[in-house]
Structures are given as C-alpha cells and as structure tokens.
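See structure below.
Values in this text are rule-based calculations from the coordinates and carry no lab data. Just so it is clear, the model here is predicted, and its values are computed rather than measured. No Cβ is skipped: glycine too gets one built from the backbone with ideal geometry, and neighbour counts run over all protein chains shown.
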Amino acid sequence: MKLLIPGPVSTDPAVRAALAQDIAPWDDDTRVMLARLRERVRALAGGVAGEHVALPLQGCGHFAVEAALRTFLPPGGRILVPMTGAYAQRLERLARESGRHPVLLPVPDGERVDEAALLAALEADPTLSHVALVYSETGTGVCQDAPRLAAAVGRLGRRVILDAVSAFGALPLDVSALPMLDAVCFTANKCLEGVAGVSFSVCQTERLRACVGQAGSWSLDLSDVHATAERNGAGSFRFTPPIQVLAALDVALDLHAAEGREQRLARYTANMRVVHEGVRALGLRPFLPEAVQGPVVVNVHAPEGAWSLNGFVAALKRRGFVISNFVNTTEPGFRVGCIGAITPEDMRQAVDAMGEALSELGLARAA
Ligand SMILES: *Cc1c(COP(=O)(O)O)cnc(C)c1O
C-alpha cells in the first residue's frame, strides 16, 4: 500500500526496519546517536555550530509550533499571521490558546502572500513583534517564497516563526542567512521521510537564552529543552523520547543525504506534475493553476455526478493507494500527497487507479 497523503508519508523499508528494536534511551551509545542526529538536523537547516541548535520535542508538528510561539513570544505578545489556509488557521489557534495575540492578514484563497501587504501590515502596527508563516500550506498546496518573505520581515526589525512542517528537507532553507528566524519547525514524518512521533525546531542559541522563562509550559519550552541539553549533554533528552522514531530518522537522514535535498525536491515536483497533468487528462480540475501549485499536495475538484470522497478513497485503496479521506478546502474534492518514498512511476500508477476508480463509481470521465 502506498500512502499518497501529505504526511505521515510512505517510508523506505530500511527506515521501518529501524523501528524493530529495543533501545535504552539513556544508554551511552544511544546518547552518541542522539547527539549526532541533532547535529545532522542542524546542518540540514544551514545552521552554524555554536550559533544554531536543532531542538527535538516529543510529539507532532503542532507541539513544535506551539512551543515556538510560547518560547519566543511573551504572554500577550502580538504576532501577524498571513491566512494562507488550514495550517495558518491552526497557527492562529495555537497562538490564541497559549495566550498570545494573533493578528490576521487575509490572503485570497489559493494565492501567495503579497509581500507589500505583509510589510504594510507590519508598518501600520509596531506592536507586532513577529510574523508566523506557513512555508508549504498543506491545506491548499501553495508554497511561499519563505526565505524572501522572512528577509523582508527582518528588514523591518520583526522576527519570524516558520512552520516548515511540510517543507523542510525538500524546499530550500538556510537559517544562517536568515537571522530574523526565531524558529523553523518541522517533523520527522514529512519531507524527511521518517515516521511520526518527533518534531524539531531549529533556533538560535542567543535567542533561546534571551527567552528563558516566558513559555508558561515546562513541556513546551524550547529554552528549557536547550538549557537541559547544555547541562546534560546534546545526547540527553528531557523526558522519555520516542527512541525508535529517532533511530528511524537517523536512517532516513542517510537516505536524504544520499539523494540530496535538491534531487528530493525534483522528485516531489515530478510526482506533483504527474498528478496535476494526469487528473486533467481524466477530465478533472485541480484547484490550483500550475503557476502556484507547490510540490507537496495537489487538491482536485470533485468530478460531476454523485461524488463521495469516502467511496473514491475506498476504490483507490482497493488498488493499492491511500489518499486523504478529508479535505481542507471548502469545496468538495480530494487531495493527493506527492511527498514520501514514492516516485513518478508510482504516481502514474496512482493516476491510472484514479481513472479506474472513477469508472467503477460511474463518475464523469473525459478522454
Ligand atoms: C502536517 C503539518 C503540521 C503539523 O501536523 P501534525 O499533525 O501536528 O504533525 C503543521 N503545519 C503544516 C503546514 C503541516 O503540513
């Protein structure tokens, strides 16, 4: 079964094999592995040793994003959130429920963030210390030019929290060139092609030290994660880690290094093109024009006729492919993830399966 969902993704058998072992988290050999893993993740982000750290946190992407908001914004702190879609809405809720003050910047559906509008909103409100940006909006499939937007925000003296959960490992990022980034948040189970259970934030040591004590949550305080690692060693972990998940990520990073970040992006982009062109050949309409379609997820409008997402999902599953059984768009349709250990050939077979599924369900099919 191939997972064509934008996370957790299909994984390589070697990654899954790393899960099948008992590991003592505090063992000296494990500490060596964990310390190395953190260095590898930092380096992948372009982080400079001594200036940047990769901070692992048990749990999923939301945990990392909430931890970043809590750590770098004081209670009541104001943060501008460009409303790019479902994941921007989640950022807004995480900020609000952790007692920070999100201010929303409307972004038309399926469009990129307008840099001029973003800067105008910041200039109009000097109390906005931060911007929270979703690099790859997994709701719509639109990706921002996050490095460029972050640099522009930085020129106004404001700071950025970047949700790079469905971007990191494929889309370009060099934190050493982006000092306005307080945190870049991501997980093991999207473009890094590991399994779910651990998230990371790449941060600056100086900022972590400056922000001690304002998180209002011990569990979600990145400054405390950093301070503890400084005290107990980079291979230590506060609280029990999902150690098999980390061992699997270590293998996934080997595969990432062998493939290369740019080649991985090229593969995902090729996957996306096969789906985008393939569904059009089936007479279906993707939500996004190719010009703004990112490489991570393709949303497709429901075909004419008696559409049932669950029926379509089940018909595809019988053919060996799992797509999401929910959509983040207001109009009916389906979404196909293009990331993970999958190739353009897999996507061609998936498009064939979609054609067969549509026929089976008696739904309109051109060509
Ligand atoms: C997947 C994802 C998240 C986090 O999801 P979790 O289920 O918490 O791991 C956050 N932001 C974006 C853009 C995502 O794609």
Worksheet item: Taking the Cα atoms only, what angle lies between the long axis of helix 146-155 and the longest principal axis of the chain, rounded to 10 degrees?
Response: 40
Discussion item. I'd like the antiparallel share, as a percent to the nearest 5, of DSSP beta bridges with both residues in the chain.
Written reply: 45
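What FRET efficiency, computed as 1/(1 + (r/R0)^6) with R0 = 22 Å and r the Cβ-Cβ distance, is obtained for A227 and A43, rounded to the nearest 0.05?
Values: r = 22 Å, r/R0 = 1.00.
Efficiency computed from Cβ-Cβ geometry: 0.50.
Diagonalise the Cα gyration tensor of the range 212-317 and give the resulting equivalent ellipsoid semi-axes, square root of 5 times each eigenvalue, largest first, whole Å. Don't skip to the end; give the middle numbers.
Working: eigenvalues 350, 77, 47 Å².
The answer is 42, 20, 15 Å, longest axis first.
Report D for the range 30-121 in µm² per second (integer): Stokes-Einstein, Kirkwood Rh on Cα pairs, 20 °C, 1.002 mPa s. All intermediate terms of the calculation are to be shown ahead of the outcome.
Details: Rh = 15.3 Å.
The estimated diffusion coefficient comes to 140 µm²/s.
Please report the antiparallel percentage of the DSSP beta bridges confined to the range 120-219, to the nearest 5. Could you put the intermediate results ahead of the total?
Values: 5 of 15 bridges.
Percent antiparallel among DSSP bridges in the range 120-219 is about 35.
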Response to the item:
Amide H neighbours of T187 at under 5 Å, excluding residues fewer than 5 places away on the same chain, with H built from the backbone geometry, are F200
Practice prompt. Compare T138, T187, T205 in a GNM of the chain, Cα atoms joined below 10 Å, and give the one with the largest fluctuation.
Written response: T205
Discussion item. Give me log10 I(q)/I(0) at q = 0.16, 0.19, 0.25 Å⁻¹ for the range 170-251, Debye formula, one equal scatterer per alpha-carbon, no solvent.
Written reply: -0.73, -1.02, -1.33
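Just to check, using Stokes-Einstein with a Kirkwood Rh over alpha carbon pairs, what's the diffusion coefficient of the range 276-366 at 20 °C and 1.002 mPa s in µm²/s? Walk me through the numbers before you get to the answer.
Working: Rh = 13.2 Å.
This corresponds to a translational diffusion coefficient of 162 µm²/s.
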Discussion item. If you split all Cα-Cα distances of the range 87-205 into 10 Å bins from zero, what percentages do you get per bin, shortest first?
Written reply: 13, 46, 36, 5, 0
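Divide by every residue of the chain the summed helix terms, -39500 (n - 2.57) for each DSSP H run of at least 4, and state the resulting mean residue ellipticity at 222 nm, rounded to the nearest 500 deg cm²/dmol. Don't jump to the answer; show the numbers that get you there.
Working: 12 runs with 147 residues, N = 367.
Calculated from helices alone, the mean residue ellipticity at 222 nm is -12500 deg cm²/dmol.
In debye to the nearest 20, how big a dipole does the chain give about its Cα centre with +1 on each Lys and Arg Cβ and -1 on each Asp and Glu Cβ? Present the calculation step by step, with values, prior to reporting the outcome.
Working: 35 positive and 39 negative charges, 48 e Å.
Taking the Cα centre of the chain as origin, the dipole is about 240 debye.
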Worksheet, complete the sentence: Simple SL model, points at 7 angstrom along Cα→Cβ for T205 and W218; separation in nm is 2.6
Worksheet, complete the sentence: Longest principal axis of the chain (C-alpha) makes with the long axis of helix 261-281 (C-alpha) an angle, in degrees to the nearest 10, of 30
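Fully extended, how many nm does the chain gain between T127 and D114 (0.36 nm per residue separation, minus their Cα-Cα distance)? Mind showing how you got there, number by number?
On the way: separation 13, 0.36 × 13 = 4.68 nm, distance 2.06 nm.
Using 0.36 nm per residue and subtracting the Cα-Cα distance, I get 2.6 nm.
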Worksheet item: Using a simple spin-label model with points 7 Å from Cα along the Cα→Cβ vector, what separation in nm is obtained for V322 and E277?
Response: 2.9
Worksheet entry | Summed side-chain charge close to G337 - residues other than G337 whose Cβ falls under 15 Å, Lys, Arg +1, Asp, Glu -1 | +4
Worksheet item: What is the P(r) of the range 140-278, as percent of Cα-Cα pairs per 5 Å bin from 0?
Response: 2, 9, 15, 19, 19, 17, 11, 6, 2, 1, 0
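Starting from the Kirkwood Rh over alpha-carbon pairs, what translational D in µm² s⁻¹ does the chain have by Stokes-Einstein at 20 °C and 1.002 mPa s?
Numbers: Rh = 21.0 Å.
It comes out at roughly 102 µm²/s.
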Worksheet item: On the first, second and third principal axes, largest extent first, how far apart are the outermost C-alpha atoms of the range 231-278 in Å?
Response: 52, 19, 17
Discussion item. Output the 0 to 90 degree angle, nearest 10, between the alpha-carbon long axis of helix 61-72 and the longest principal axis computed from the alpha carbons of the chain.
Written reply: 30
Discussion item. What does the charge count around A117 come to, taking other residues whose C-beta lies under 14 Å from its C-beta (Lys +1, Arg +1, Asp -1, Glu -1)?
Written reply: -4
